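Participant: Quick one: the structure is below, questions incoming.
The values are calculated or read from the model by the stated rules, or taken from the named source; none is laboratory data. Because the structure is predicted, anything quoted here is derived from the model rather than measured. Every residue, glycine among them, receives a Cβ derived from its backbone with ideal geometry; neighbour counts consider all protein chains shown. Each accessible area value is taken on the protein alone, full model and side chains, heavy atoms only, with ligands, DNA and RNA left out. Shrake-Rupley method; radii C 1.70, N 1.55, O 1.52, S 1.80 Å.
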Amino acid sequence: MGRVEGKVALVTGGASGIGLSAANLLAKEGAKVVIGDFNVEGAKEAAANIKANGGEATGIFLDASKEESIKEAVDFTVNTYGTLTVLYNNVGLTNLQKDLDVVNIDLDEWDRLMNVNTKSVLLGSRYAIPHMQKAGGGSIINTASMAGFAGDTLRSAYGASKAAVVNLTKYIAAQYGKDNIRCNAVAPGLIMTPAAEKNLPPAVQDIFLKYNAVKHHGKADDIGNTVLFLASDEAGFITGQTIKVDGGHYMTNPSISDFKEYMASLQK
Ligand SMILES: NC(=O)c1ccc[n+]([C@@H]2O[C@H](COP(=O)([O-])OP(=O)(O)OC[C@H]3O[C@@H](n4cnc5c(N)ncnc54)[C@H](O)[C@@H]3O)[C@@H](O)[C@H]2O)c1
């Protein structure tokens, strides 16, 4: 018996990276999975791979910036598999060119990121919750980010949108716990998805590694496995939480290791 046997999951942004890992792991552990993605070909290919491995999945088009599209994905899931008991709100965007400091940020980009990163979580939950209530319960999992716990010199909108996801997670948990609906989030640090690997030069990857407590990069499955746990009944008493999965990157005061390095350099 799989860890999420009998559950029906909708995964947004499941054609690649973190969402793809979660979709694969949920299906491997017995859930029926709908993969919704802008990249419909990728979503269909992911579903076909799951089926080829003996699981059950369907790939569909989803635009998480559009309310109607989110509603359609929820309806499709229920019409196809009879219910919806796991919702993974995973779609999220970042933009290093336009999402800058508060004085210089492109305001259209602020609106776009708030819409895609935060409002999509609200909307997915809004349309899924009535089905979960009917089913006697469910689990909503949101992708936040460690950027939602930090302040930084750029990515104001990304950080604020993900901080909002952390708190919205608690509101959903507080409001629907009575219906046996749990809501949690996962906050990834840098995860080496194929896109991250392609976009970050090795020197930048090394900067991140330097501040990890464990000396390796995060993988999509590190997040996928956390999502699987939160979706399963093993996490039945966990709600309103954001689990940080960052290799300890944000755990320490970075000045201390730099200070130690400086002191050591004086003794040379
Ligand atoms: N990779 C990291 O280091 C990292 C770190 C912290 C948080 N996150 C968060 O994890 C989530 C997934 O990121 P990832 O790195 O796996 O990204 P990714 O780019 O590998 O995958 C994102 C997927 O979402 C889809 N998508 C994008 N916009 C969409 C939209 N409007 N509607 C539907 N689908 C859409 C893309 O087609 C893609 O398949 C995001 O919320 C991101 O903010 C990632």
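Participant: From the list Gly177, Gly148, Gly124, Gly159, pick out the single residue that is more than 23 Å from Gly218 (Cβ to Cβ), within 13 Å of the ligand (Cβ to nearest atom) and outside any loop (DSSP other than H, G, I, E, B).
Facilitator: Numbers: Gly177 fails: within 13 Å of the ligand (Cβ to nearest atom); Gly148 fails: more than 23 Å from Gly218 (Cβ to Cβ); Gly159 fails: more than 23 Å from Gly218 (Cβ to Cβ).
Among Gly177, Gly148, Gly124, Gly159, only Gly124 is more than 23 Å from Gly218 (Cβ to Cβ), within 13 Å of the ligand (Cβ to nearest atom) and outside any loop (DSSP other than H, G, I, E, B).
Participant: May I ask you to list the residues in region 116-149 that are over 18 Å from Leu93 (Cβ atoms) and among the small types (Gly, Ala, Ser)? Please lay out each step first, then the result.
Facilitator: Applying the first criterion (over 18 Å from Leu93 (Cβ atoms)) to region 116-149 yields 125-141, 149.
Within region 116-149, Ser125, Ala128, Ala135, Gly136, Gly137, Gly138, Ser139 qualify.
Participant: Please work out if Ala187 is surrounded by 13 or more Cβ atoms within 10 Å (Cβ to Cβ), within 15 Å of the ligand (Cβ to nearest atom) and not basic (Lys, Arg). Write out each step before concluding.
Facilitator: Values: surrounded by 13 or more Cβ atoms within 10 Å (Cβ to Cβ): yes; within 15 Å of the ligand (Cβ to nearest atom): yes; not basic (Lys, Arg): yes.
It is true that Ala187 is surrounded by 13 or more Cβ atoms within 10 Å (Cβ to Cβ), within 15 Å of the ligand (Cβ to nearest atom) and not basic (Lys, Arg).
Participant: When you go through (1) open to solvent by 30 Å² or more (accessible area, probe 1.4 Å); (2) under 16 Å from the mean Cα position of the chain (by Cα) one by one for His249, which number turns out not to apply?
Facilitator: Only one criterion is unmet by His249, namely (2).
Participant: Which ones in region 62-86 are away from the ligand (no atom under 14 Å from the Cβ) and in contact with a Gly (Cβ under 6 Å, 6 or more places away or on another chain)?
Facilitator: Matches in region 62-86: Thr85 only.
Participant: Might you check whether a residue that is in contact (Cβ under 8 Å) with a residue 24 or more places away in the chain, open to solvent by 70 Å² or more (accessible area, probe 1.4 Å), within 22 Å of Phe229 (Cα to Cα) and in contact with a helix residue (DSSP H, G or I) (Cβ under 8 Å, 6 or more places away or on another chain) occurs anywhere in region 138-146?
Facilitator: no
Participant: Take region 76-111 and flag every residue that is in a helix (DSSP H, G or I) and either touching a helix residue (DSSP H, G or I) at 6+ places or on another chain (Cβ under 7 Å) or open to solvent by less than 50 Å² (accessible area, probe 1.4 Å) (or both). So that I can check it myself, show each step before the final result.
Facilitator: Step one: list which residues in region 76-111 are in a helix (DSSP H, G or I), which gives 76-81, 107-111.
Matches in region 76-111: Thr77, Val78, Tyr81, Glu109, Trp110.
Participant: When you look at Lys198, is it free of Cβ contacts under 8 Å to residues at least 12 places away in the same chain, open to solvent by 40 Å² or more (accessible area, probe 1.4 Å), within 16 Å of the ligand (Cβ to nearest atom) and over 17 Å from the mean Cα position of the chain (by Cα), yes or no?
Facilitator: On the way: free of Cβ contacts under 8 Å to residues at least 12 places away in the same chain: yes; open to solvent by 40 Å² or more (accessible area, probe 1.4 Å): yes; within 16 Å of the ligand (Cβ to nearest atom): yes; over 17 Å from the mean Cα position of the chain (by Cα): yes.
Spelling it out, Lys198 is indeed free of Cβ contacts under 8 Å to residues at least 12 places away in the same chain, open to solvent by 40 Å² or more (accessible area, probe 1.4 Å), within 16 Å of the ligand (Cβ to nearest atom) and over 17 Å from the mean Cα position of the chain (by Cα).
Participant: A follow-up question, please. Here is a list: Ala9, Ala22. Which entry is closer than 22 Å to Val165 by Cβ and within 11 Å of the ligand (Cβ to nearest atom)? Let's see the steps before the verdict.
Facilitator: Numbers: Ala9 fails: within 11 Å of the ligand (Cβ to nearest atom).
Checking each option against the conditions leaves just Ala22.
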